[in-house]
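The values are calculated or read from the model by the stated rules, or taken from the named source; none is laboratory data. Since the model is a prediction, treat every value here as computed from it, not as a measurement. Cβ sites come from the backbone with ideal geometry, for glycine too, and all protein chains shown count toward neighbours.
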Amino acid sequence: MTLFANRNFLLLYFITILSTFGTVVYTFVLPLIIYELSQSALAMSTMRIMDFLPNVLLGVLAGVFVDRINRNVMIRYGGLIKFILSCLMTFIIFSGDVELWHLYILGFFISTVGYTVGNASHAIIPQLFHREQMTDIQAKFSFVNTLITIIGPSIAGALLLLVAYEQLLFVYTLSLFCVWVMSTFLDATATPERPKPQSIAQDIKEGLRELFGNAQLLIPTIAILFINLATSLIIGVLVFYVIDVLGESQEQLGLMYSIGAVGGLLGAQLIKPLRKKWNRGTIFIALHLIDACALVLFFFADSWWQLGLLLAVRTCTTVMTNIIYLAIRQESTPNHLLGRVAGTSSMFMKLALPIGLFIGGIWAEVLPIPYLFLISAGIVIAIFVFMLRSNFHEVV
């Protein structure tokens, strides 16, 4: 039976479409709202920090609860809570009394719930499908995720011609409502069996031991940690750079991200033929060299379409890297530990994100932004050398 004949896969597939579209709208509109309130690159970077901070502070604890509580329950009620929070944010913005700290706090809680639901969704997949299907499932999810990432900004940009950008938050809220409804139709799964009762601290320790004892997973986790540091230096200030420094329009910004997202489609399609020629470890390492070259070229780009093409290269490498990593994590981790390992590894991988976002925001206030691209490229090159010296190229 093909994946598209599986009811659970179809539900998760359409949930991915709706949640991705909602997230695209959210990440497109919110920086514009913050820019309107502050005209500050630092304020925009701070909002990105609020998005990533829950993963760093609460990632391990969220993983513990994902392994203790029925994952269907977490997905269902987490989706409902996220919908309610989005309604509250929309109401505050339209009330006319919105302050930056309102958005920071609500953004933090929306991200917290979203991350926990995402962890539960990741952990439930091996319970619903065979392990040998993990790479194929991740490739299909990545493809549709990227496709919606392409279409989303274009639709958002077109809607800006008809309505004020704040009103696009209603689209985000509606998508969350639909995601919550669809999640209630997933097949029931058993709560993960625990070999023995133990405290939360012991659960956390067990998850850490599993991650650090799995070299196949630990090496790419370290690599992605530093790749995220390199990326975080620029993602928080890129909108500011394009609009405020290059003087491009909001519509051109949307087109830039749409062009960038095309690379993700290519990456999701390339992973299968590439695996016929090389193993996953070799592909993973080579992607970092390509990524470093793209970041160097960022320094010389001076228009939205050039940045869009380079974003396409980076999106392509990022999608393939994520497909490989997520499949390896799902295949190599016992399911009753998957929530903790996913939470712990995600925490480590994103540990540097708030720091990078803050540094990037401060840098953009006083120094030329393009030099951040060269610093990011240097970090990625260092990771490429680290991976070359490891035995990760032997991973199948």
Filtering segment 215-233 down to residues that are buried (at least 23 other Cβ atoms within 10 Å of the Cβ) and either not in a helix (DSSP H, G or I) or not aliphatic (A, V, I, L, M) (or both) yields 220, 231, 232
Pairs returned, first residue in segment 224-252 that is among the acidic types (Asp, Glu), second residue that is surrounded by fewer than 18 Cβ atoms within 10 Å (Cβ to Cβ) and not in a helix (DSSP H, G or I), beta-carbon separation under 9 angstrom, 6 or more apart or interchain, are 244/39; 248/303; 251/161
Residue pairs qualifying under the 6 Å Cβ cut-off, at least six apart or on distinct chains, with the first in segment 335-355 being aromatic (Phe, Trp, Tyr) and the second being assigned to a helix (DSSP H, G or I), are 348/221; 348/225
Counting only residues that are within 29 Å of residue 286 (Cα to Cα) and either of a type outside the set (Ser, Thr, Tyr) or at pLDDT below 85 (or both), segment 311-338 contains a total of 19
- Query: Does segment 374-381 contain at least one residue that is of a type in the set (Gly, Ala, Ser), over 30 Å from residue 134 (Cβ atoms) and either surrounded by fewer than 18 Cβ atoms within 10 Å (Cβ to Cβ) or in contact with a Pro (Cβ under 9 Å, 6 or more places away or on another chain) (or both)?
  - Reply: yes
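Conditions tested, residue by residue: (1) in a helix (DSSP H, G or I); (2) more than 23 Å from residue 340 (Cβ to Cβ).
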{"site": "76", "(1), (2)": "yes, no"}
{"site": "79", "(1), (2)": "yes, no"}
{"site": "87", "(1), (2)": "yes, yes"}
{"site": "91", "(1), (2)": "yes, yes"}
{"site": "98", "(1), (2)": "no, yes"}
{"site": "105", "(1), (2)": "yes, yes"}
{"site": "123", "(1), (2)": "yes, no"}
{"site": "132", "(1), (2)": "yes, yes"}
Has segment 30-51 got any residue that is at positive phi and not in a helix (DSSP H, G or I)? yes
Only one of 157, 236 is surrounded by 16 or more Cβ atoms within 10 Å (Cβ to Cβ), within 20 Å of residue 114 (Cα to Cα) and either of a type in the set (D, E, K, R) or modelled with pLDDT under 85 (or both), namely 236
Tell me whether segment 3-17 contains one or more residues that are closer than 18 Å to residue 92 by Cα and at pLDDT 75 or above. no
Those residues of segment 332-358 that are more than 11 Å from residue 230 (Cβ to Cβ), assigned to a helix (DSSP H, G or I) and under 20 Å from the mean Cα position of the chain (by Cα) come to a total of 16
Within segment 52-74, residues being polar (S, T, N, Q), assigned to a helix (DSSP H, G or I) and over 23 Å from residue 100 (Cα atoms) number 1
Residue 19 meets each of (1) closer than 30 Å to residue 338 by Cα; (2) surrounded by fewer than 22 Cβ atoms within 10 Å (Cβ to Cβ) with one exception, condition (2)
Restrict the check to segment 304-321 and report whether at least one residue is aliphatic (A, V, I, L, M) and touching a Ser or Thr at 6+ places or on another chain (Cβ under 8 Å).
yes
Out of (1) surrounded by fewer than 18 Cβ atoms within 10 Å (Cβ to Cβ); (2) modelled with pLDDT of 80 or more; (3) acidic (Asp, Glu), the one residue 97 does not meet is (2)
